[in-house]
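Engineer: For reference, the structure I am asking about is given below.
The values are calculated or read from the model by the stated rules, or taken from the named source; none is laboratory data. As the structure is a prediction and not an experimental result, all values here were calculated from the model. FYI the Cβ positions are ideal-geometry reconstructions off the backbone, even for glycines, and counts take in every protein chain you see. Accessible surface is based on the protein model in full, side chains and every heavy atom, while ligands, DNA and RNA are left aside. Shrake-Rupley method; radii C 1.70, N 1.55, O 1.52, S 1.80 Å.
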Amino acid sequence: GEAITFGASIAMSGPGAFLGQAESKGIETAIDVINNIWGGINGHPVEAIIYDDETSPEKAISNVNKLIFEDEVIGVVGGSNGGSTLAIAPILNANKIVQTTCTGVVKPEEESTYTYEFQTAPTQYLNAEATLAYMTEAWGATDIAILSASDAYGQTGPITINDRASKYSVNVVADESYDFTDTDMTAQWIKIRSANPDAAVLWGSGSPP
C-alpha cells in the first residue's frame, strides 16, 4: 500500500547533535522493525523525512512548517531539546499534527494545553522530585548543590528542587548554571566544592567537549 510518512525535526548538528544523531538511529531502527518484521502498518510501509534543526528553535519552526505544508506528514518527532520542543508544539497542535517529543515536559502549564503533544519521557518535575527523594533517603543528604544548563530543560529541575527543598528538609547551598555550549565548568564546580555540599545535582545537557 501507499507509504505512511512522518517527519522529524531533531538536532543533527550544533551543540545538541549528540542527542539528535542518537534519535535518528532510533528512528531508522524503528522503521526497519515496522517494515521488515511487522510488515508495515496494516500493509502500509512507513517512511520518515528527517530534518536537522541545528539545535535552533527558529530552524525547528522552519522545519516543521515544511513538514506540514510541503511534505504533508501525519506526525512529527521532535525536538531534541526543550527549546525546540516548545517552539514547534503550538504549530503542530494548531494544525492537528501529532508530536512525539524526545524530551520530558519542561513547561507543564503550557504543554498540557497541547492535545496533540505526546511525551516519551517523564516530566522534569517528576524527575526532580525523585532525585530529591533518593538523595535524602538513600544518601542522607541535607546540604545539596545544583549545576544546571541555562536552557528551558536545564532550568526546570532546579526550579522544582528549590520549591520542594523544605519538603525534604534540604538546604540548597549552591546553585550554579552554565550555557548549553559550554565545555568547561571548572569555575562553577570550584564554587560548588567551596560550599561543601553532601551531594550535587547536574541538571541539563550540552555540547560534549
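Engineer: Where a ≥ b ≥ c are the square roots of the eigenvalues of the C-alpha gyration tensor, would you call the chain rounded, which needs a/c under 1.5, or, failing that, prolate if a/b is larger than b/c, or oblate?
Structural biologist: Judged from the Cα gyration tensor, the chain comes out prolate (a/c at least 1.5, a/b above b/c).
Engineer: Under a plain spin-label model, where a point goes 7 Å from the Cα along Cα-to-Cβ, how far apart in nm are I190 and S62?
Structural biologist: 4.0 nm
Engineer: Would you mind checking K96/K167; K25/K191; K59/K167; K25/K66 for any pair whose Cα atoms are more than 31 angstrom apart?
Structural biologist: K96/K167; K25/K191; K59/K167
Engineer: With charges only on Cβ, +1 for K and R and -1 for D and E, what is the dipole size of the range 95-209 about its Cα centre, in debye, rounded to 20?
Structural biologist: 140 debye
Engineer: Something else now. Tell me which of T29, G140, M12 sits at the most positive position along the dipole axis of the chain, charges placed on C-beta atoms (Lys, Arg +1; Asp, Glu -1).
Structural biologist: G140
Engineer: Restricting to DSSP H runs of at least four residues, report the calculated mean residue ellipticity at 222 nm for the chain, -39500 (n - 2.57) per run over all residues, nearest 500 deg cm²/dmol.
Structural biologist: -13000 deg cm²/dmol
Engineer: With a 1.4 Å probe and all protein chains in place, put V33, V105 in order of accessible area, largest first.
Structural biologist: So, going from the largest accessible area down, we get V33, V105.
Engineer: With the contact rule set at Cα under 8 Å and sequence spacing of 6 or more, what percent relative contact order holds for the chain?
Structural biologist: Reported as a whole number, the value is 18 percent.
Engineer: Can I ask one more? Where does each of Y134, Y178, Y51 land when they are ordered by accessible area, with a 1.4 Å probe and the largest first?
Structural biologist: Output order, biggest surface exposure first: Y134, Y51, Y178.
Engineer: Then there's this: For the range 177-183, just list the computed ³J(HN,Hα) in residue order, Karplus coefficients 6.51, -1.76 and 1.60, θ = phi - 60°, integers in Hz, with x standing in for Gly and Pro.
Structural biologist: In residue order, the calculated couplings are 9, 9, 7, 4, 8, 5, 10 Hz.
Engineer: Please report the relative contact order for the range 1-86, taking Cα pairs under 8 Å with a sequence separation of at least 6, and give it as a percent rounded to a whole number.
Structural biologist: Value for the range 1-86: 44 percent.
Engineer: Where the accessible area of the range 60-143 is counted over protein heavy atoms with a 1.4 Å probe, how much of it, in %, is carbon and sulfur?
Structural biologist: Roughly 56 percent of what the probe reaches on the range 60-143 is carbon or sulfur.
Engineer: Further question: For the range 3-68, report the accessible area per residue in Å² (1.4 Å probe, heavy atoms, rounded to an integer).
Structural biologist: 49 Å²
Engineer: Solvent-accessible area per residue for the range 74-209 at a 1.4 Å probe radius, Å²?
Structural biologist: 48 Å²
Engineer: Got a sec to turn the phi values of the range 55-62 into Karplus ³J(HN,Hα) couplings, 6.51 cos²θ - 1.76 cosθ + 1.60 with θ = phi - 60°, whole Hz, x for Gly and Pro?
Structural biologist: These are the phi-based 3J(HN,Hα) values: 6, 10, x, 5, 5, 4, 4, 4 Hz.
Engineer: How big is the accessible area of K167 in square angstrom, nearest 10, if you roll a 1.4 angstrom probe over the protein chains?
Structural biologist: Rounded to the nearest 10, the figure is 130 Å².
Engineer: Would you please give the residues with an amide H less than 5 Å from that of I146, counting only those at least 5 places away or on a separate chain, with H modeled from the backbone geometry?
Structural biologist: A174, D175, E176, V201
Engineer: State the extension gain, in nm to one decimal, for the chain segment bounded by E28 and Q119, taking 0.36 nm per residue of separation less the distance between their alpha-carbons.
Structural biologist: That works out to 30.8 nm of additional length.
Engineer: Hey, which aspartates and glutamates would be in cross-link range of K107, C-alpha to C-alpha under 18 Å, not counting anything within fewer than 8 residues on its own chain?
Structural biologist: E117, E129, D151, D163
Engineer: At 1.4 Å probe size, with no ligands or nucleic acids counted, give the accessible surface of F69 in Å², nearest ten.
Structural biologist: 120 Å²
Engineer: Where in the range 132-149 does the amide nitrogen come within less than 20 Å of the point 7 Å from the Cα of D163, taken along Cα to Cβ?
Structural biologist: From the range 132-149, the list is 132-136, 144-149.
Engineer: For the range 153-209, which whole percent of the accessible surface, found with a 1.4 angstrom probe, sits on carbon and sulfur atoms?
Structural biologist: Result for the range 153-209: 45 percent of the exposed heavy-atom area is carbon or sulfur.
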